[in-house]
Amino acid sequence: MIKYHPQHELLSLHIKGELPLSMSLAISAHAELCDICQQKLNRLTECETAATFDNNTESNISVDLDSEMSSLLAHMMQDTLDELDANPAQPYNEGVTEVTVKDQSYPLPRAFRHQINAQWQGIGKVSRLRLNTGEEQSRASLLHIAPQGEIPEHTHKGSELTLLLAGEFSDEYNTYRPGDFMLLDENHQHSPKTMTGCLCYTIVDAPLYFTKGFSKLLNPIGELLY
């Protein structure tokens, strides 16, 4: 059962198209895994549509389609149909439907299928595949942790979003299942680990700050790692 969901404000901004692409992808992918949030998005879409219609009505915007205009529209529609008949549509491109890392394959949510254009990179049990969202500050990635793997204890100089897509992991706060949507900041310190392996979608807008053991040696080059 999914325990962690996006806040209502994020869902509303997503419907209005006011989120950066990286976060919008996260909301869309979560909704594919979560019936509850998909229903909320459907209701918000209906409300936003109704509000837009009411605003247009109140501003006295009117459209008068007389017979001449109707005839013109009919001709335009016919021209479009003729063009489609002359140029049959190309087969639909589903994009990348699954990814394979460490000999394990995972199906991808539809939201990510046209965002995969890089290769996996990593060290040890942790692998990362960058997604190009065109944002300068935020880094969006698919993150894979192999079975019995963990990320050393760290906190955050900025914010970190994690959407668990497959498998499981746990930290000092809880155990997470596919669909869980977690937002952390500088007030959180944790060490995610997994027994069976997991695939996540992550967004970070600043380097992680490692807080324990030899991993602290990575902090001087944190800018290159995040």
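Kindly indicate the residue of the range 120-137 that is within 18 Å of PRO152 (Cα to Cα) and in a strand (DSSP E or B) and also modelled with the lowest pLDDT among those meeting that condition.
Step by step, filter the range 120-137, then rank; the result is ILE123.
Take THR49 and tell me if it is open to solvent by 80 Å² or more (accessible area, probe 1.4 Å) and either at pLDDT 70 or above or more than 25 Å from LEU199 (Cα to Cα) (or both).
Judged against the criteria, THR49 is a match.
Please verify whether GLY179 is closer than 17 Å to ALA26 by Cβ, small (Gly, Ala, Ser) and modelled with pLDDT under 95, treating the condition exactly as stated. Give the derivation first.
Details: closer than 17 Å to ALA26 by Cβ: yes; small (Gly, Ala, Ser): yes; modelled with pLDDT under 95: no.
Judged against the criteria, GLY179 is not a match.
Can you pull out every residue in the range 129-179 that is acidic (Asp, Glu) and in contact with a helix residue (DSSP H, G or I) (Cβ under 9 Å, 6 or more places away or on another chain)?
GLU135, GLU153
Would you call GLN90 modelled with pLDDT of 90 or more and either closer than 30 Å to MET195 by Cβ or open to solvent by 60 Å² or more (accessible area, probe 1.4 Å) (or both)?
On the way: modelled with pLDDT of 90 or more: no; either closer than 30 Å to MET195 by Cβ or open to solvent by 60 Å² or more (accessible area, probe 1.4 Å) (or both): yes.
No: the conditions fail for GLN90.
Looking only at the range 138-168, filter to residues that are part of a loop (DSSP other than H, G, I, E, B) and under 16 Å from ALA26 (Cβ atoms); which one of those is modelled with the lowest pLDDT?
GLY158
Could you list, in sequence order, the residues of the range 205-220 that are of a type outside the set (A, V, I, L, M), at pLDDT below 70 and surrounded by fewer than 15 Cβ atoms within 10 Å (Cβ to Cβ)?
Step one: list which residues in the range 205-220 are of a type outside the set (A, V, I, L, M), which gives 205, 207, 209-216, 219-220.
Pick out the ones that are also at pLDDT below 70 and you get 214, 219-220.
Across the range 205-220, the qualifying residues are PHE214, PRO220.
Hey, any hits in the range 116-123 for a residue that's among the aromatic types (Phe, Trp, Tyr) and buried (at least 19 other Cβ atoms within 10 Å of the Cβ)?
no
So LEU21 fits all but one of (1) among the hydrophobic types (A, V, I, L, M, F, W, C); (2) over 20 Å from SER159 (Cβ atoms); (3) surrounded by fewer than 19 Cβ atoms within 10 Å (Cβ to Cβ); what number is the exception?
Result: LEU21 fails condition (2) only.
Can you tell me which residues in the range 25-43 are crowded, with 17+ Cβ neighbours inside 10 Å and free of Cβ contacts under 8 Å to residues at least 60 places away in the same chain?
ILE27, ALA31, CYS37, LYS40, LEU41
The values are calculated or read from the model by the stated rules, or taken from the named source; none is laboratory data. Just so you know, these numbers come straight off a predicted model, no measurement behind them. Reconstructed Cβ throughout: ideal geometry from the backbone, glycine too, with neighbour counts over all protein chains shown. Note: areas computed on protein heavy atoms with side chains; ligands, DNA, RNA excluded. Shrake-Rupley method; radii C 1.70, N 1.55, O 1.52, S 1.80 Å.
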